[in-house]
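The values are calculated or read from the model by the stated rules, or taken from the named source; none is laboratory data. Predicted, not measured: the structure shown is a model, and the values here were computed from it. Note that we place each Cβ from the backbone using ideal geometry, even for glycine, and neighbour counts take in every protein chain shown.
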Amino acid sequence: MRKRYGRAGRSRRRKQNQTLASVHGVNLSQELGYIELRRWLKQRGFWDLYLLPAHFSDTGRGLMITKSLKAGNLIISLPVKCLLTTWTVLGSYMGEYIKRWKPQVSPLLALCAFLISERHFGNKSLWKPYIDVLPKTYTCPVYFPEGILNLFPGPLCRNAQEQRSTVQELYISSQPFFLSLQSLFGERVKDIFTHDALRWAWCSINTRTVYMKHPQSEFLSREPDVYALAPYLDLLNHSPGVEVTAAFNEKSQCYEIRTGRDCRRYEQVFICYGPHDNQRLLLEYGFIAGGNPHSVVYIDRDVLQSCLLKEDKQTAQKLSFLMENNFLENLTFGLDGPSWRLLTTLKLLCLGPNEFSCWKKVLLGASVSSENEKMSLNLAECLCCYLMDDNNKAMQKISHRRCNKLDEFKDYLDLVESLRREERRILESSLETLKNLRSAIS
Ligand SMILES: C[S@@+](CC[C@H](N)C(=O)[O-])C[C@H]1O[C@@H](n2cnc3c(N)ncnc32)[C@H](O)[C@@H]1O
């Protein structure tokens, strides 16, 4: 008989279940797609009893380990036969077409074309069990509706637009090559190699490949050939705090990942995709990591300019000096306050007319005058408040969008909102640090 709980008890139980689902996940290994995938991998020499696909409430699909691991243990070792690389493509039915094509296609385009083609072949595809478990859609900016991109912070918005243009240009410039593949298909290639299909393939490669350097092929253009799609291994999610070593082992001919720390039984195993901040994670992988220690808030040049109180001839000179020396790039606030780069830039901008000759001192981290220290902290605070205001306005627009019941956009709005919330946390913390710094010098 089921136990009856009071309201507090029910709420406690719900919270416990949520924690369990986020930590332990719901085992997916009995679903047909994963049974087929594991059978297919076994035929190619990979079998792992301890690593199971599971759904986790906080990160979505990932891999759960059913035995504990010690630091240095292998998480996964995937034989080369399971990897999908440009070698696979060049050795396939598409290889002859690629080898003949001039100008040579890039490694990325070769992989995209192969993925699209294999998805199209469905049951006839040798890679079907893998293609079947790939996401059908992605949450990278190239998938975002135009109206929602404007809710991103400025620098991310620009990078997102660039990503859309990259895919659009690749689609347009690849048309002649796609047309050259016509004899492989019964249908019109225009209906197979659509913009939507290319966007899907591009995101599959961008979000899922592992780094694996291949020797330059004479049949491909000279762009770096560093991609390997790694079925099953690519179910591993990212956590900024974990340490792993990952590389192709020439001796075992397997792509291997080792854990840098102990992993507990029945928990999700994470790897680290790199020390990326949340804007980068959203741009490249379509998600953000809560509490990401690498996260920062970027300051645009025009935001900096609009916070400079009085713009005189000297300010213009200083700005062009800073720009020439690349000092206006990567100016950030982090959880521990303004970055060294930001503070140095602000100190340079706040040098008085008779302090201008001391710029080297500023670069060496020495104090020029208490007036300069005060003014640069004031400017930092002004920037922080400006960004906070921008953040509040974006949050208001997000909630306004939600009121308009645009449910189809929910996932995208959730993502922007999480990013904005994380950025607000950073700005609040930076403001606190700035207050402390100011009271320390006054
Ligand atoms: C290599 S795949 C990992 C497996 C993926 N979750 C899946 O279901 O196929 C990378 C993608 O997983 C998702 N992802 C990875 N780490 C995540 C995390 N910590 N939180 C949320 N999503 C994550 C992102 O969508 C990312 O583009």
Among the residues of segment 161-181, is any more than 16 Å from the ligand (Cβ to nearest atom), aromatic (Phe, Trp, Tyr) and free of Cβ contacts under 8 Å to residues at least 60 places away in the same chain?
yes
Members of segment 352-393 that are at pLDDT 90 or above, hydroxyl-bearing (Ser, Thr, Tyr) and in a helix (DSSP H, G or I):
Ser370, Ser376, Tyr386
Residue hits (segment 231-265; in contact (Cβ under 8 Å) with a residue 60 or more places away in the chain, within 15 Å of the ligand (Cβ to nearest atom), in a loop (DSSP other than H, G, I, E, B) and within 27 Å of Val296 (Cα to Cα)) are Leu236
In segment 131-190, the residues that are among the hydrophobic types (A, V, I, L, M, F, W, C) and touching a Ser or Thr at 6+ places or on another chain (Cβ under 9 Å):
Ile131, Leu134, Cys140, Val142, Leu170, Leu181, Leu184, Phe185, Val189
The residue that is surrounded by the most Cβ atoms within 10 Å (Cβ to Cβ), considering only those in segment 266-311 that are within 12 Å of the chain's Cα centre (by Cα) and not in a loop (DSSP other than H, G, I, E, B), is Leu282
Tell me which residues, restricted to segment 266-290, are without any contact (Cβ under 8 Å) to a residue 40 or more places away in the chain and near the ligand (Cβ under 9 Å from one of its atoms).
Tyr273
Looking at (1) part of a loop (DSSP other than H, G, I, E, B); (2) under 25 Å from Gln268 (Cα atoms), can you tell me which one Tyr93 breaks?
(2)
